[in-house]
Amino acid sequence: MGERTDPDAPQDECEAAVEPEVVREALSRIQESAPFVASRQLSAFLAYVVEKSLAGEADRIKAYSIATEALGRPETFDPASDPIVRVEAGRLRKALDAYYQADGAHAPIRITMPRGSYVPRFQLTEVLPEAGEDVGAAGDDAGDEGPPVSELPSGVAALWWIRIGGALAVVAIIMGLSAIGSHYSGQRAALPATPERPVAAATKPVAPRIFVAPFAVADEAAVGVTGRQFSTMLATAISRFDEVTVVTRMDGEAEYLVSGTLSAGSTGISASTLLTDRASGRVIWSQQTTLPRNPIRPSVTISELKGEIATAIAQPYGVVLSDRLSRTDLPDDGFPCMLRTFNYWRSFTPEVHAEQKTCLVALTQRYPAYALAYAQLTNIYVTEALFGFNPEPGSSALDRAVKASALGVQLAPTSARAMQSLQYTYYATGEIERAIQAGNAAITLNPLDTDIRASQGLVLIAAGRYQLGQQLIEEAASHNTAYPPWYDLYLGLAAFQAGKADQIRTLMSRVNLPAHPLAAYLEMVASAPGDREAALAGIRTRFPAMAADPASVLIRLVPNRDVVDKLVAAGRQAGLGS
């Protein structure tokens, strides 16, 4: 095909089949690479043409608009006499070529700008399986199949590679479920077939929809990023959270509006952020964040600001989901049921467990292709198995957890929440190393989700790697003032392994989980002499099975024989069993 001679001519080769979220993810990675961090002009140029293309405004990508809207030229700019756009376009093409020869060599999508045009092209580079082929390696049984590409939404396959960096590790994690199922049910636990997903509005509940407006930046050179670039980075970060949806249009689509300003000062880079209800203008949340400038890599400061804001807004215990759960003016499409499961972790009571189990089972029946419902139901089944809450006669809770978590990952292979539920399934079945692998995959999918990082901390503490696990939970708690009490419970288990009885007492004084046997046990082993008899009596009354045989109960909660042996010895020393 011949080279275009008119750079302002619209180009019809922009790959419309590539989802905008996939393109923005790729754009964000390019902007974080060294050549683009070093050149605000190149980063602004690329972001402008990409966003215009995604907005369906490729015909507006002209030398004049690029110069005046992206490169800061005045309205008197004359493309005929000032070659700045052509010069920067040449630099941009070379920078993109260099990126794809180095950091982006294995990128699943390429953003290019062919010579003769300023309109970018978005090209998928991975060779994906044909429709109907298995995504994973073939196993011995049909139960090892991955979801057919034909059943995945457009762009999901690309996001899989972008976010995980290769599907092999995750496929191995999923395939390991078969072995677990055979151990607990006496037969191979095949992954349930992915149900047909009709293209319809009611395939899942409506998640909160968020629009991120370009931030106002007083001095772009001092801050190091344009307002549009920052909003793109922030929107990409928020979109990693499974429970919210980022939209590209405010009118008619968005429920929540994120806006703000960026400024540079003597103490660093500051972001003032405002979250409002789009329809009413009600201010839901505001925050002023200032971080010291990184003198070596200024982009790190911008990235950290982006992460702080995205986490506060979109995490499970964040402002958007808290606001949604409090609203009574919306029809109940099942979304509140999914959200209330996060509040279950604050209590661990049989009563709340029964409520959530009932509503989540109904939710999966109402929306058989809703991955988050299966993920949350997995966790309910796991606690049924570990704590004996509301058991179903003749039905294995672990078998149900295995099947639900497998289906959740099949339906949404790029869902961090689905991968977290898979982690809990491995943990409950004693496969602690596999649980750690699944946790790593979940963190890769969304490194900003505090609950996922805390879950990995829990597993690492149980595995005996308590220093790293403690660090993860403490980091998660520092970004989540409303964190659930199990964070402190497992910090208490870390303190037990470190031999710090005073620290255990301090932590357990903040834990109010009367139905959790591990909480009662740690309170007992760390209790002061004057409180010991009351603690022992509490265990004998509330947890008679643990009082009679501590090891058999504790090994379910902490699948690590070495840690359990130390707990049993500490209980014996405290008087349990005597």
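The values are calculated or read from the model by the stated rules, or taken from the named source; none is laboratory data. Nothing here was measured: the structure is a model prediction, and the numbers come from that model. Positions of Cβ are generated from backbone atoms using ideal geometry, with glycine treated the same way; all protein chains shown enter the neighbour counts. These area figures cover heavy atoms from the full protein model, side chains too; ligands, DNA and RNA do not enter into them. Shrake-Rupley method; radii C 1.70, N 1.55, O 1.52, S 1.80 Å.
Data table
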item	result
Under the Karplus curve 6.51 cos²θ - 1.76 cosθ + 1.60, θ = phi - 60°, whole-Hz ³J(HN,Hα) for the range 450-465, x wherever Gly or Pro sits	5, 5, 5, 5, 5, 4, 5, x, 4, 5, 5, 5, 4, 6, x, 8
The range 471-578 - percent of accessible surface contributed by carbon and sulfur, probe 1.4 Å	52 percent
Other-chain or far-sequence residues with amide H under 5 Å of ARG121's (modelled H)	THR112, MET113
Heavy-atom accessible area per residue - the range 388-427, 1.4 Å, Å²	24 Å²
Area of ILE284 that stays accessible when all protein chains are in place (1.4 Å probe, Å², to 10)	40 Å²
Heavy-atom accessible area per residue - the range 441-547, 1.4 Å, Å²	38 Å²
Efficiency of FRET between ASP565 and SER395 - r from beta-carbon atoms, R0 35 angstrom, step 0.05	0.65
³J(HN,Hα) computed for each position of the range 274-285 - Karplus, 6.51 cos²θ - 1.76 cosθ + 1.60, integer Hz, glycine/proline x	10, 10, 10, 6, 4, 6, 9, x, 4, 7, 9, 6
Potential lengthening between ALA216 and ALA534 on full extension [0.36 nm per residue; Cα-Cα distance subtracted]	108.5 nm
Accessible surface, 1.4 Å probe, highest first, among residues CYS359, CYS337	CYS359, CYS337
Computed lengthening from ALA545 to LEU330, 0.36 nm per intervening residue step minus Cα-Cα distance	72.9 nm
Neighbour cut-off at most 11 other Cβ (10 Å), DSSP loop, trypsin sites (Lys or Arg not before Pro), the range 270-309	ARG282
Residues whose placed amide H lies under 5 Å from that of ILE284, excluding near-sequence neighbours	LEU275, THR276, ASP277
Per residue value of the accessible surface for the range 200-333 (all protein chains in place, 1.4 Å probe), Å²	43 Å²
For the range 512-517, Karplus couplings with θ = phi - 60° (6.51, -1.76, 1.60), whole Hz, Gly/Pro x	10, 10, x, 9, 9, x
Amide H within-cut-off set for VAL217, under 5 Å, with H built and near neighbours excluded	GLY227, LEU262
Modelled FRET efficiency - R0 30 Å, ARG115 with ASN440, Cβ distances, 0.05 increments	0.10
Cα-based reach from LYS403 at 25 Å (exclusive), listing lysines while leaving out same-chain residues under 8 positions away	LYS204, LYS357
ASP103-ALA362 FRET efficiency (beta carbon distance; Förster radius 30 Å; 0.05 resolution)	0.05
Area of GLU433 that stays accessible when all protein chains are in place (1.4 Å probe, Å², to 10)	90 Å²
Solvent-accessible surface ranking, highest first, for LEU257, LEU305 at 1.4 angstrom	LEU257, LEU305
Solvent-accessible area of SER415 with every protein chain in place, 1.4 Å probe, in Å² to the nearest 10	10 Å²
